[in-house]
1. List every residue pair whose Cβ atoms lie under 6 Å apart, where the two residues are 6 or more positions apart in sequence or sit on different chains, the first residue falls within the stretch 59-76 and is within 16 Å of ligand 2 (Cβ to nearest atom), and the second residue, located anywhere, is among the aliphatic types (A, V, I, L, M).
2. Looking at (1) within 29 Å of N116 (Cβ to Cβ); (2) within 16 Å of ligand 1 (Cβ to nearest atom), find the lone condition where G258 falls short.
3. Which residues, counting only those in the stretch 115-133, are under 23 Å from V85 (Cα atoms) and touching a residue at least 24 places away in the same chain (Cβ under 8 Å)?
4. State whether the residues of the stretch 215-224 include one that is away from ligand 1 (no atom under 13 Å from the Cβ), assigned to a helix (DSSP H, G or I) and farther than 27 Å from A134 by Cα.
5. Within the stretch 175-195, track down each residue that is surrounded by 15 or more Cβ atoms within 10 Å (Cβ to Cβ), not in a helix (DSSP H, G or I) and not aliphatic (A, V, I, L, M).
6. Can you confirm whether the stretch 236-246 contains a residue that is part of a helix (DSSP H, G or I), of a type in the set (A, V, I, L, M, F, W, C) and within 15 Å of ligand 2 (Cβ to nearest atom)?
7. Could you say whether any residue in the stretch 51-64 is within 11 Å of ligand 1 (Cβ to nearest atom), of a type outside the set (D, E), outside the structural domain of F212 (by TED's automatic domain parsing) and under 22 Å from T236 (Cα atoms)?
Amino acid sequence: MISRATQALFLVAATVFVVGCSEQESAPSAPQTVQTVQTGDAAVTRDTPKGLDFEFYRESVEPIFIRYRGGFVGSDTACVACHTVQANAPLGLLPLTEENGEVFWTEAQSRENMANVALLVNPSAPETSRILAAPLAPTAGGEAHSGGIFWDSSDHSEYRLIAQWIATGDPSAGAEPTVDVDFEFFRACVQPIFVNPIDNAMPCTECHSGQFAIPNPDNSYWTVEQSQESFAELMTFVDPGRPDYSRFLHKPLHPNAGGDLMHNGGRRWYSQDDPERQALEAWVLGDATGDQCPSALQFDFPPRP
Ligand code: HEC
Ligand code: HEC
């Protein structure tokens, strides 16, 4: 419901949103709703994360996440197939409730989901929201997304609906504060992990050399350019400030300790409290910076520059 708490709000018009006819029939539609428009710099005072409209979210945004897309590969897959809490990527959605043959999120679950989705939106500048950038084609201004491209342009009906929803938020509510994950610390203390396997394991470079685990040049340290490239790649698996949503800290963790159920590359950490993993958590939180490595992250190889 739209809150009537703010006196400054007044009813302007009954707006019915119409979804563009270019989309197929299954395209979601915006709720037919009475829009409250605010005047001047009055703030929205809904008691929800960032003042976002919960009804709108539940009716029109959440169905996008479970929408059947025809298959099980890349962008044929429903968002929820990859974005459950267990996957530990941003946009952690709760497991669906199953009851009498129906599969759905309860209202309480939807509220929890919305709180998580709200971390990815920026009502003060909706188009910069991470939730809009990830599924959007990079050629249309989107960000690289492991899940693939879902929207060729920002005219896609799903993009527009989510943008409309973000606009219901408090315009003074911004994105989450940015946490700087330090490059210098990465280069000095994190990158060597990729070439220093634990016993009976293969180095990350064996399988991820085309990604974040660029091999070091023979007998010397990575060039700064190589480190920058590796860092940029790894950052797609790091959610700054949120170790729990960072796949880099999750994939190589043993499932018994809360890690991913599957990783072709085996495990590196057998406990959440593994000192190396804890040192990496501090880095993801923005607390570890510079080139003085903590003892858990001291490696002799490759030779220092
Ligand atoms: C095939 C699996 C898969 C599907 C399907 C998928 N995603 Fe993702 N998504 C990922 C993975 C893995 C990440 C974390 C790595 C990354 O950012 O690419 C991610 C990251 C994200 C992020 C965070 C990006 C950032 O700023 O860090 C958002 C937002 C997101 N996905 C939204 C969506 C939405 C919305 C859908 C459905 C339209 C979707 N994803 C479908 C796998 C998927
Ligand atoms: C034997 C090959 C192999 C090795 C060695 C390996 N991995 Fe992987 N890794 C994979 C494969 C294949 C995938 C994708 C399928 C999966 O999740 O298992 C993957 C997935 C990942 C992902 C998630 C990527 C995504 O798109 O969500 C991360 C993060 C990761 N590995 C980190 C590491 C780290 C860190 C190391 C070294 C400590 C490592 N891997 C070693 C094969 C390997």
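The values are calculated or read from the model by the stated rules, or taken from the named source; none is laboratory data. Source: prediction; values computed, not measured. Counting neighbours? That spans all protein chains shown, and the Cβs are built from the backbone with ideal geometry, glycine included.
1. Taking only residues 6 or more apart or on different chains, the pairs are S75/I149.
2. Of the numbered conditions (1) within 29 Å of N116 (Cβ to Cβ); (2) within 16 Å of ligand 1 (Cβ to nearest atom), the odd one out for G258 is (2).
3. At the first step, the residues of the stretch 115-133 found to be under 23 Å from V85 (Cα atoms) are 115-122, 129-133.
Passing the criteria: A115, N116, V117, A118, L119, L120, V121, N122, S129, R130, I131, L132.
4. Our first condition is that a residue be away from ligand 1 (no atom under 13 Å from the Cβ); within the stretch 215-224, this holds for 215-224.
From the residues that got through so far, the ones that are assigned to a helix (DSSP H, G or I) too are 224.
Cutting the leftovers down to farther than 27 Å from A134 by Cα gives us 224.
Checked the stretch 215-224: at least one residue is away from ligand 1 (no atom under 13 Å from the Cβ), assigned to a helix (DSSP H, G or I) and farther than 27 Å from A134 by Cα.
5. E176, D182
6. Let us first name the residues in the stretch 236-246 that are part of a helix (DSSP H, G or I), namely 236-237, 243-245.
From the residues that got through so far, the ones that are of a type in the set (A, V, I, L, M, F, W, C) too are 237.
From the residues that got through so far, the ones that are within 15 Å of ligand 2 (Cβ to nearest atom) too are 237.
Looking for residues that are part of a helix (DSSP H, G or I), of a type in the set (A, V, I, L, M, F, W, C) and within 15 Å of ligand 2 (Cβ to nearest atom), one finds at least one in the stretch 236-246, hence yes.
7. no
Yes/no matrix, rows are residues, columns are (1) more than 15 Å from ligand 1 (Cβ to nearest atom); (2) under 22 Å from Y245 (Cβ atoms):
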{"site": "L93", "(1), (2)": "no, yes"}
{"site": "T106", "(1), (2)": "yes, no"}
{"site": "P123", "(1), (2)": "yes, yes"}
{"site": "A137", "(1), (2)": "no, no"}
{"site": "A140", "(1), (2)": "no, no"}
{"site": "A144", "(1), (2)": "no, yes"}
{"site": "G148", "(1), (2)": "no, yes"}
{"site": "H156", "(1), (2)": "no, no"}
